[in-house]
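Written out below as structure tokens is the structure these notes cover.
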Amino acid sequence: MNTAIPISKLLLLKPQSKSYILTRHLSTGANAQQPPQEDDSKTNRAVQLLLENPHQEWPSNQPLHSLLFSSPSPSPRFLYNVTRNLASSALALNFLKHLQQNSPSQDTHSLSYPFQALFELAARELDAGSPLSELYQASKEWGIPLTVNAAAILIRYLGTHKMVDESVILFNELDPSLKNTHVRNVFIDVLLCDGRLECALNVLDEMLQPSSEVPPDKITGDIVLRGLLKGDRKWKNLSEENAIKLVLSFGKHGVFPKTSWLTQMLSRLCRSGKINQAWNVLHELLALRAPLETPPFNVLLTGLGRSGDIKRMNTLMAEMKESDIQPDAVTFGVLINQLCKLRRVDDAMEVLNKLGGGNGSGGGSIAADVIMYNTMIDGLCKVGRQEEGLHLMEQMRSMKGLEPNIVTYNCLIDGFCKAGELERGKLLFEQMNEDGISPNVITLNTLIDGMCRHGMINSALEFFDDMQGIGLQGNAVTYTTLITAYCSVGNIAKAFDLFDQMLTSGCSLHATVYYSLISGLCKSGRMDDAANVLSKLKEAGFRPDIVCYNSLVSGFFKENMVNKAYDTIKEMQEAGMKPDSALYNTLIAYFCKTGYLELAGEVMKQMINQGVVPTIATYGALIHAYCSNGKIKEAMKLFNDMDSLSKIPPNTTTYNSLIESLCKNNDIKGALSLMDDMKAKSVKPNTTTYNEVFKGLKENNLLEDAYRLMDGMVEHACNPDSITMGILGEWLSAVGESEKLQSFVQGNRVSPFSA
């Protein structure tokens with residue numbers, strides 16, 4: 001029978017080493033069929049005869065005929081080895097035709113393995129996709145059954161040559177006996193490489209059935225789980241829930257993800273806040289007796305720590321012990337770090353002290369390292385126990401033989417600076433230099449931030465200059481800290497000098513530097529300069545954030561540049577940002593200040609409709625405006641709404657506005673009632689509160705109520721000011737009660753009826 005393959009086409013095929021390697025890999029894969037062994041000398045002799053004689057002379061070559069067609073018939077392994085050792089697929093095809101035409105038995109099954117060898121030869125030759133497809137058609141015409149390896153080679157190389165549709169047709173045509181795990185693995189890989197997820201999952205689903213005769217193996221897991229757990233884009237349409245089910249379905253067949261892949265999967269779940277899913281996956285795998293290692297547990301411990309779940313952290317540690325999964329240095333590092341972040345430094349210290357103790361209950365032979373000590377020292381400093389942190393550094397050095405590093409000192413310096421003990425921070429800085437540890441930019445920023453926080457801005461700048469003198473350059477954080485500090489004290493000129501210095505220093509720019517400068521300029525009313533800095537921010541490739549826009553809007557309104565304010569709000573909205581409570585409060589405050597109370601009320605309604613929750617500043621501005629304009633009823637209604645509807649507790653300033661307005665309207669009873677309300681809600685009155693009520697009481701000559709208020713001031717340690725003394729001095733002197741005033745000034749009660 002003549003093949004449909006043009007011989008001229010096959011003669012053009014050339015070897016391709018990479019394909020050959022892949023072919024060899026496929027031919028020895030799991031579940032692959034291999035012909036029985038055969039004597040190599042006989043094979044070599046047959047190949048030599050075939051190569052030495054043109055194929056037209058093969059039928060008349062008696063030695064060759066004896067080797068190929070003698071009784072008993074040659075074994076499949078012999079025919080396979082002879083075929084795969086021929087020079088090309090074209091020669092191999094002629095050999096197969098020779099066997100087919102001259103075999104006494106005419107048994108096409110005996111040609112399955114030589115045909116497999118023909119596929120292997122064609123597969124490693126250039127542009128083999130189309131010829132392989134034609135060879136497959138020839139095998140069907142000749143009635144030669146495929147072997148498992150031949151099927152796998154065909155599917156793989158049709159896929160490699162972008163003939164995936166042909167690969168799908170071939171798989172569907174295969175005899176069920178050939179669709180073993182090995183062939184399915186190759187087919188799934190081809191489908192996934194071509195992005196045919198649904199088709200691949202259908203094939204995989206048959207393998208994952210509980211009673212499947214072709215269950216998945218390790219290679220199936222490698223093909224599927226590698227892409228799945230690494231977030232390969234071909235899996236983008238598979239939901240996270242289904243991905244987890246897929247992993248667990250593999251587990252039920254004893255195929256488990258590699259430690260690195262499982263660790264990545266749990267890490268991804270924990271980072272997205274899905275701690276429960278991560279917990280369930282790990283425990284399902286534990287129940288399936290998966291060969292789990294320590295890293296996935298470390299990832300889950302980290303996630304539990306970030307969510308503050310100490311109980312499950314303890315449970316997981318106990319389960320590791322029960323499952324004979326040994327914690328490593330990373331495990332204990334995670335425990336110490338997460339406990340410190342949760343401010344449970346005593347628990348973290350207990351973990352640290354157990355390390356290296358050899359008692360088997362803690363770290364065993366795992367010794368604490370510098371990183372663990374640094375984490376512990378930083379945790380102590382974060383809760384204000386920097387003295388203990390300093391002692392722990394000395395213990396680390398003297399008892400453990402571990403030398404402190406730059407991180408150790410930076411943690412301690414930061415702790416003392418935040419506690420206001422700048423001199424101790426400077427002493428540690430000097431000690432660090434004596435120990436031969438050079439400061440870095442974090443050290444620099446820590447000390448500068450500490451000085452600026454405590455009003456030592458010029459000292460901070462001087463220290464910065466000294467550090468630059470020894471070659472330690474600042475970064476964007478350094479300049480931002482100094483610029484913000486100088487802006488806060490109104491020294492805009494110095495802030496601008498530092499900004500210019502930053503631009504010429506070569507350090508990488510950051511948007512926060514621009515934000516700080518714009519905020520300072522807006523507070524100082526220098527709106528033209530703020531607009532210029534905004535332009536530079538945009539030229540540098542940054543975008544203003546909502547806080548920056550709020551600063552600009554507030555500044556423009558304060559300078560009565562209303563159109564500029566509206567233009568800024570419009571620009572902000574066009575940039576996709578929605579107004580927040582700070583912006584609404586700025587608008588309401590401006591309308592209240594300029595007397596547009598109705599418009600201010602409308603803005604508040606819009607604020608609520610947009611889902612932005614009003615703050616105490618929102619209500620305070622409107623209440624003060626109503627009171628200032630004599631609209632006490634509207635003010636009281638808003639006050640009651642704030643308390644009952646919005647559940648926003650009023651503050652002293654809000655009460656003062658109402659009390660002052662009530663007293664001016666001679667409603668002293670209402671003012672005293674509000675003071676009782678303040679006491680019930682634990683809002684502390686200040687000197688202004690008392691002064692306003694004293695004025696109202698004086699107008700109505702309610703002396704006993706005044707005495708009770710005076711006793712209240714003494715009880716709350718609220719010191720009178722010159723206004724208080726002016727009101728009471730004039731009043732009490734006029735009624736002959738100067739002694740009461742003297743007793744009040746001395747901090748004594750003045751009324752026997754005071755509460």
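Read-outs throughout are calculated quantities, based only on the coordinates presented, and are distinct from any laboratory measurement. From a predicted model like this one, the values you see are computed outputs, not experimental measurements. Cβ coordinates were reconstructed from backbone atoms using ideal geometry, including for glycine residues, and neighbour counts include every protein chain displayed.
At a glance:
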| quantity | calculated |
| --- | --- |
| C-alpha center-to-center spacing [the range 548-615, the range 699-739] in angstrom | 42 |
| For E125, distant residues with modelled amide H under 5 Å away | Q16 |
| Length added when fully stretched, C193-L427, from 0.36 nm per residue minus Cα-Cα | 78.0 nm |
| Highest-first arrangement of 610-617, 273-280, where packing means the average Cβ count within 10 Å | 273-280, 610-617 |
| Segment D545-M577, length gained on full extension (0.36 nm per residue, minus Cα span) | 10.7 nm |
| Centre separation in Å (Cα based) which lies between the range 58-81 and the range 380-409 | 83 |
| Exceeding the 21 Å Cα-Cα cut-off - candidates K558/K637; K140/K179; K218/K245; K400/K426 | K558/K637; K400/K426 |
| Proximal lysine pairs, the range 256-368, alpha carbons under 20 Å, eight or more residues apart or interchain | 7 |
| Mean separation of Cα contacts under 8 Å (6+ apart) over length of the chain, as relative contact order % | 4 |
| Two-decimal log10 I(q)/I(0) for the range 641-755, as the Debye equation yields it once each C-alpha is a single scatterer, q = 0.16, 0.21 Å⁻¹ | -0.71, -1.18 |
| Residues L503, L99, sorted so that the one with the fewest Cβ neighbours within 10 Å comes first | L503, L99 |
| Relative intensity, log₁₀ I(q)/I(0), of the range 460-507 from a Debye sum that treats every alpha carbon as a point, q = 0.26 Å⁻¹ | -1.01 |
| Dimensionless Rg ratio for the range 256-368, taking C-alpha atoms and the 2.2 N^0.38 Å reference | 1.02 |
| Relative contact order of the range 256-368, defined on C-alpha pairs under 8 angstrom at six or more residues apart (%) | 19 |
| Efficiency of FRET from Cβ geometry, E213 and V613, R₀ 60 Å, rounded to 0.05 | 0.45 |
| Gyration tensor (alpha-carbon) shape descriptor, the range 431-500, a/c threshold 1.5 | prolate |
| Between 0 and 90°, nearest 10: helix 329-341 axis offset from the chain longest Cα axis | 20 |
| Principal-axis tilt of helix 687-700 within the chain, Cα atoms, nearest 10 degrees | 40 |
| For Rg/Rh (Cα atoms, Kirkwood Rh), calculated from these coordinates, the label among (1) 1.20; (2) 1.06; (3) 0.96 | (1) |
| Gyration tensor (Cα) of the range 409-534, equivalent ellipsoid semi-axes in angstrom | 28, 16, 10 |
| Helix axis angle, 40-52 relative to the chain longest principal axis, alpha carbon, degrees | 80 |
